[in-house]
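Chemist: Take this structure first; my questions come after.
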Amino acid sequence: MNESSSGQVGSGSPTYLAGLLLHGRRVVVVGGGNVARRRVPKLLAAGARVELISPEVNAELRSLADSGALVWQARQFTASDLDGAWYVLAATDSAEVNAAVTFEAEQRHTFCVRADHADAGSAWTPATGETSGVTVAVITSHDPLRARRIRDRLVEVVAEEEL
């Protein structure tokens, strides 16, 4: 349940929104598929030191690793991979591995996004968009497609403001 400052129950997301300043901070991404492919470039753009843990990665992530933009550990996840991480993404195709990553992050008091089961993690990734020097972020309660639609409308409104 979400309570407003007036004590009324709201219907919005139960999250507390914050902008993470990840520049120079170690971020661990476990999994090398499509979720990682979408999220890693934004982490790199934020200046994060990304370490990718996955036996295999897609071509785009391999290219980023080959260029030195991120460090790729071509192997299975181990608990010590999270030592010293500021932020973690559990984005494998295995619910068991994602649960283990989330558990280990929780033990270290490190925020973790769990791609396959958002409520089991300690952070959610918003639908974001940028225009005219503004970043908008939308989080809904369990409806990512709605969040994307709303994000797109907000980006349009901000872009129109500049006209």
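The values are calculated or read from the model by the stated rules, or taken from the named source; none is laboratory data. All figures in this text were calculated on a predicted structure; none of them were measured in a lab. Every residue, glycine as well, gets a Cβ built from its backbone with ideal geometry; the counts of neighbours run over all protein chains shown.
Chemist: Just the residues that are closer than 27 Å to residue 82 by Cα and among the aliphatic types (A, V, I, L, M), please, taken from the stretch 104-163.
Modeler: 105, 113, 115, 118, 120, 123, 127, 137, 139
Chemist: Filter the stretch 115-130 down to residues that are closer than 19 Å to residue 20 by Cα and either polar (S, T, N, Q) or in a helix (DSSP H, G or I) (or both), then give me how many there are.
Modeler: 4
Chemist: Quickly run through the stretch 101-114 and pick out the residues that are part of a strand (DSSP E or B) and of a type in the set (Val, Ile, Thr).
Modeler: 113, the sole residue that qualifies.
Chemist: How do the pairs read when you match residues in the stretch 133-152 that are farther than 10 Å from residue 13 by Cβ with residues anywhere that are assigned to a strand (DSSP E or B) and acidic (Asp, Glu), using Cβ under 9 Å and keeping only pairs 6 or more apart or on different chains?
Modeler: Note: pairs meeting the criteria are 136/130.
Chemist: Assess whether residue 127 counts as being closer than 17 Å to residue 53 by Cα and of a type outside the set (D, E, K, R).
Modeler: No, not satisfied.
Chemist: Being at pLDDT 90 or above and acidic (Asp, Glu) is true for just one of 156, 161. Which residue is that?
Modeler: 156
Chemist: Quick check on my filter: what residues within the stretch 108-163 are acidic (Asp, Glu) and surrounded by 17 or more Cβ atoms within 10 Å (Cβ to Cβ)?
Modeler: Scanning the stretch 108-163 gives a single hit, 116.
Chemist: Kindly evaluate residue 103 against the criterion of being of a type in the set (Phe, Trp, Tyr) and surrounded by fewer than 16 Cβ atoms within 10 Å (Cβ to Cβ).
Modeler: Here the answer is yes, as residue 103 does meet what is asked.
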